[in-house]
Amino acid sequence: MTWLLRNAYTALQAWKRAISSDPLNLTANWLGSNVCSYSGVYCAPAPDDRALKIVAGIDLNHGDIAGNLPEELGLLTDLAVFHINTNSFCGAVPDKFRDLKILFELDLSNNRFAGAFPLVVLDLPSLKFLDLRFNEFKGTVPRELFDKDLDAIFINHNMLTGPLPGNFGNSPVSAMVLADNKFGGCVPSSLGNMAGLEEIILSNNGFRSCLPAGIGRLKNTTVFDVSFNEITGPLPEEIGEMVSLEQLNVAHNKLSGGIPATLCRLPKLKKFIFSDNAFTGEVPDCLKIGEMEDGGNCLPERPGQRSRDQCKPFFLSGPATAAHLDVGKLGTLCFINVKQYMQRQLPN
């Protein structure tokens, strides 16, 4: 047995001792020195010497295993993939994980990890895929996360707080899901700088600002979801420049005004959900979208809208007054065309 596999044996045996429950017996055969025969452990030839075997991957997904991660796992220095989603691991992510210099994918989702955001992940130079969703991480997200060369960030369904840092838009990711946390504050104005972004979900976070006009620069984004927040003001006209957009969900916010005509003419848009806001106008092209939901707004002659009394302020006073915005707390002032709203007719 090479020293690399000997280190792996030490690490995996320490981990087995740290496991308190393994109902599917996934680690029952973690016996003896042949670690490459262990369930969920995957070996491969060493990159610098094909004659040597190394532990390159661990996959214990959906095992309902309980326990913690011991510091000895840092001995698995050749690990490229570490997947343990849908278990009951708890505690903290070991500091020794920073020794996993070639770790490419880290999936700790759907466990019971707690405490502050695990800063050790920032020290993983090869990491591209980070999945921490459905845990109990608390506190703020470090700004360094958005300067890291990642392709995917999934940190939804935790207890993380904000506001999000100003360098948010530096992230080169293609997919980002931050839903169901407690970030609050503004949707970062730097969002439009994320040129490679394909999918982003920011729902249910308590964001209170307008949508930044810079989102029009997201030419590669196919999915954009900011539903269930407290976003105010109109949809920026620039949203009609998101030429790759296929799914847009802005439902359950405090948006108002009209739907930009160019938005519903986007060539790839198949799903547009904007229910439960206070929109006062939509263009006929919106009705041609395959999946469209517009209930709970102030749209004349459309079914399922708010009452006349609820809508009256949005027609007479403009979206900012009706939504009771505290403009002094907004990072970006919403554009308000008062004349446009004064000229609109109240729905019957």
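Scanning segment 270-282 for residues that are under 18 Å from LEU245 (Cα atoms) and open to solvent by less than 40 Å² (accessible area, probe 1.4 Å) yields PHE272, ILE273, PHE274. Among the residues making up segment 181-200, those that are open to solvent by 50 Å² or more (accessible area, probe 1.4 Å) and either closer than 27 Å to ASN110 by Cα or of a type in the set (Val, Ile, Thr) (or both) are LYS182, GLU198, GLU199. Within the option set GLY214, GLY257, being in a strand (DSSP E or B) and either in contact (Cβ under 8 Å) with a residue 60 or more places away in the chain or surrounded by fewer than 22 Cβ atoms within 10 Å (Cβ to Cβ) (or both) holds for one residue only, GLY257. Screening segment 2-50 for residues that are aromatic (Phe, Trp, Tyr) and not in a loop (DSSP other than H, G, I, E, B) and picking the one that is least open to solvent (accessible area, probe 1.4 Å) gives TRP15.
Exactly one condition in (1) within 26 Å of SER189 (Cβ to Cβ); (2) more than 21 Å from the chain's Cα centre (by Cα); (3) surrounded by fewer than 19 Cβ atoms within 10 Å (Cβ to Cβ) is not met by ASP285; state its number. Going through (1) within 26 Å of SER189 (Cβ to Cβ); (2) more than 21 Å from the chain's Cα centre (by Cα); (3) surrounded by fewer than 19 Cβ atoms within 10 Å (Cβ to Cβ) one by one, ASP285 breaks only (1).
Look through LEU24, LEU52, LEU12, LEU60 and report the one residue that is more than 23 Å from PHE89 (Cβ to Cβ), in contact (Cβ under 8 Å) with a residue 24 or more places away in the chain and not charged (D, E, K, R).
Step by step, each of LEU24, LEU52, LEU12, LEU60 is checked, and only LEU52 is more than 23 Å from PHE89 (Cβ to Cβ), in contact (Cβ under 8 Å) with a residue 24 or more places away in the chain and not charged (D, E, K, R).
Please go through segment 288-322 and pick out each residue that is over 23 Å from CYS264 (Cβ atoms) and either modelled with pLDDT under 50 or open to solvent by less than 60 Å² (accessible area, probe 1.4 Å) (or both). Scanning segment 288-322 gives SER307, PRO313, SER317, ALA320, THR321, ALA322.
The values are calculated or read from the model by the stated rules, or taken from the named source; none is laboratory data. In this text, all values refer to a predicted model and were calculated from it rather than measured experimentally. Positions of Cβ are backbone-derived with ideal geometry, glycine not excepted, and every protein chain shown enters the neighbour counts. Just the protein is used for accessible areas: all its heavy atoms, side chains included, with ligands, DNA and RNA removed. Shrake-Rupley method; radii C 1.70, N 1.55, O 1.52, S 1.80 Å.
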